[in-house]
Amino acid sequence: MTSFIIRRALQALVLIKCVLIFVFLLLHISGDPISVMLPEEATKEEEALLRKQYGFDKPLIVQYGMFFSKVLQGSFGDSFETEEPALGLVLSHMPATIQLAGTAFIVSILIGLPLGCFAALKEHSMLDRVCMIGAVLGQALPGFWLGLILILIFAVNLRLLPSFGYGNWSHLIMPGIAASVFHTARLARLMRSEMLEVLRANYIITARSKGLMERIVLFRHAMKNSAIPIVTVLGLDLALTLGGTVIIETVFAWPGVGRLTVEAINTRDFPVVQAAVFVLASTFVLINMIVDIIYTFLDPRIKFE
């Protein structure tokens, strides 16, 4: 078990190193960063001085070495716009993103999993058809469009909820719904599929033939075994929800990392973009590593070798 965890941790470190290389190249793919930092009337001497100050006069491999050294010290440089440390700026916006993503994640579990179970237990019924049609629509609707519709109905027409902002629970309702619909629909469809497969398994048929109560068959055997593949999807959903709130945060002016990243891209604030991409990508890698470890505990058929 220890060797398995060590291997997963090493794999995560390799992936994070690859993320760092990508983040470093972001600065150069989009053009010369010095041209963004200098005013149009800047002289050649000022350009050369700034290029030397940031190390852009050195070979690319040397620049990467300097960049990697700074990252190890927890620094991505200062924001071009606010002159604050870029990593600190990103981390200060992280709680808002976690709050929004966490709300969407919890809502998707509380609604999606029970819906999938009920649909499987009532296969081919009206409830099953309604749930699956709703799930397909939920996965098809773009998040930004749903967000705009919610604003139009509940903020503009009914005036029940604020259209944007951050501070109390009322600001969280519409962004939380918009961010959770896709994941709720996905979980409902997956849970239904897994439950149907388990309910047709021989051991479930045997348990019923022995006269076990339906409640015991469902909760002790069917749901337990159906939940094992769901764990992997939940881990992916949590990571995707954290990284996928960019559009929702922009629509609802939610002060999270996603909106900060969009603003930084628009102003070509490269240190902030680099820090944001690194934080979100590293979070994705770490969540998946944790899910892999949890999965081995839940399913003893998974070997550590």
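The values are calculated or read from the model by the stated rules, or taken from the named source; none is laboratory data. Treat the numbers as computed from the prediction; the structure is a model and nothing was measured. All Cβ positions, glycine included, derive from the backbone under ideal geometry; neighbour counts span all protein chains shown.
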How many residues, within the stretch 94-127, are over 30 Å from Gly167 (Cβ atoms) and touching a residue at least 40 places away in the same chain (Cβ under 8 Å)? 8
Go through Ile98, Ile133, Ile106 for me and flag whichever is surrounded by fewer than 14 Cβ atoms within 10 Å (Cβ to Cβ) and closer than 17 Å to Leu242 by Cβ. Ile106
Would you say Pro33 is surrounded by fewer than 12 Cβ atoms within 10 Å (Cβ to Cβ), over 30 Å from Met289 (Cβ atoms), of a type outside the set (S, T, N, Q) and modelled with pLDDT under 80? no
Among the candidates Leu152, Leu127, Leu137, Leu87, which residue alone is among the aliphatic types (A, V, I, L, M), in contact with a Pro (Cβ under 9 Å, 6 or more places away or on another chain) and assigned to a helix (DSSP H, G or I)? Leu87
Can you confirm whether the stretch 227-240 contains a residue that is in contact with a helix residue (DSSP H, G or I) (Cβ under 6 Å, 6 or more places away or on another chain), part of a helix (DSSP H, G or I), at pLDDT below 85 and farther than 28 Å from Leu100 by Cβ? yes
Any residue that is at pLDDT 90 or above and either in contact with a strand residue (DSSP E or B) (Cβ under 9 Å, 6 or more places away or on another chain) or among the acidic types (Asp, Glu) (or both) - is there at least one of those in the stretch 106-119? no
State all residues of the stretch 1-32 that are part of a helix (DSSP H, G or I), hydrophobic (A, V, I, L, M, F, W, C) and over 20 Å from Val279 (Cβ atoms); if no residue qualifies, say none. Phe4, Ile5, Ile6, Leu10
Residue within the stretch 282-292 that is assigned by TED's automatic domain parsing to the domain that holds Ser180, charged (D, E, K, R) and more than 21 Å from Leu187 (Cβ to Cβ) present: no
Sort out which residues of the stretch 241-275 are more than 19 Å from Phe22 (Cα to Cα) and aliphatic (A, V, I, L, M), and write them in order of number. Leu242, Val246, Ile247, Ile248, Val251, Ala253, Leu260
Under 9 Å between Cβ atoms, which residue pairs at least 6 apart in sequence (or on different chains) link something in the stretch 53-65 that is among the hydroxyl-bearing types (Ser, Thr, Tyr) with a partner that is in a loop (DSSP other than H, G, I, E, B) and modelled with pLDDT of 80 or more? Tyr54/Gly77
In the stretch 198-254, residue farthest from Ile151 (Cα to Cα) [restricted to those that are surrounded by 16 or more Cβ atoms within 10 Å (Cβ to Cβ) and among the aromatic types (Phe, Trp, Tyr)]: Trp254
Yes or no: Leu160 of a type in the set (A, V, I, L, M, F, W, C), in the same structural domain as Leu242 (by TED's automatic domain parsing) and exposed (fewer than 13 other Cβ atoms within 10 Å of the Cβ)? yes
State all residues of the stretch 58-84 that are of a type outside the set (A, V, I, L, M, F, W, C) and assigned to a helix (DSSP H, G or I); if no residue qualifies, say none. Gln63, Tyr64, Gly65, Ser69, Lys70
Does any residue of the stretch 33-47 turn out to be assigned to a helix (DSSP H, G or I), within 25 Å of the chain's Cα centre (by Cα), touching a residue at least 60 places away in the same chain (Cβ under 8 Å) and under 26 Å from Val257 (Cα atoms)? no
I'm told Val181 meets every condition in (1) closer than 17 Å to Glu249 by Cα; (2) modelled with pLDDT under 90; (3) part of a helix (DSSP H, G or I) except one. Can you identify the failing condition by its number? (2)
